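Peer 1: A single structure is presented below for examination.
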């Protein structure tokens with residue numbers, strides 16, 4: 001799993017690819033992936049040390065799940081996008097684990 005981190009304060013001179021172009025949609029065998037979004041209110045206002053702690057917590061949780069194939073944390077939008085190999089009950093389990101490390105995390109939607 002690779003987590004992309006996009007900071008809130010550092011403007012980039014190079015355009016970044018839109019999320020829909022970067023997110024994998026299916027496995028090599030054509031099996032579709034599933035996605036979900038998590039809103040993390042106040043993330044961009046956190047002091048640097050506290051933000052690093054939250055990011056580390058997110059990475060630790062996501063790294064424990066072999067089903068997570070992609071994650072993108074957009075700090076400016078306070079939004080975490082996660083792409084997973086679909087499995088019954090996985091998203092609720094992941095959200096529960098994420099909320100243990102980052103209690104303000106809220107599931108926005110999933111497919």
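The values are calculated or read from the model by the stated rules, or taken from the named source; none is laboratory data. What you see is a predicted model; the values in this text were computed from it and never measured. Cβ coordinates were reconstructed from backbone atoms using ideal geometry, including for glycine residues, and neighbour counts include every protein chain displayed.
Peer 1: Can you tell me which residue within segment 56-66, out of those that are crowded, with 19+ Cβ neighbours inside 10 Å and under 10 Å from the mean Cα position of the chain (by Cα), is farthest from residue 99 (Cα to Cα)?
Peer 2: The qualifying residue farthest from residue 99 (Cα to Cα) is 62.
Peer 1: Would you check if residue 69 is under 11 Å from the mean Cα position of the chain (by Cα) and either in a strand (DSSP E or B) or at pLDDT below 90 (or both)?
Peer 2: Criteria met by residue 69.
Peer 1: Still on this structure: Restricting the search to segment 5-26, which residues are outside any strand (DSSP E or B), out of contact with any helix residue (DSSP H, G or I) (no Cβ under 7 Å at 6 or more places or on another chain) and either at pLDDT 55 or above or surrounded by 11 or more Cβ atoms within 10 Å (Cβ to Cβ) (or both)?
Peer 2: Once the filter is applied, which keeps residues that are outside any strand (DSSP E or B), out of contact with any helix residue (DSSP H, G or I) (no Cβ under 7 Å at 6 or more places or on another chain) and either at pLDDT 55 or above or surrounded by 11 or more Cβ atoms within 10 Å (Cβ to Cβ) (or both), segment 5-26 yields 7, 16, 17, 18, 19, 20, 21, 22, 23, 24, 25.
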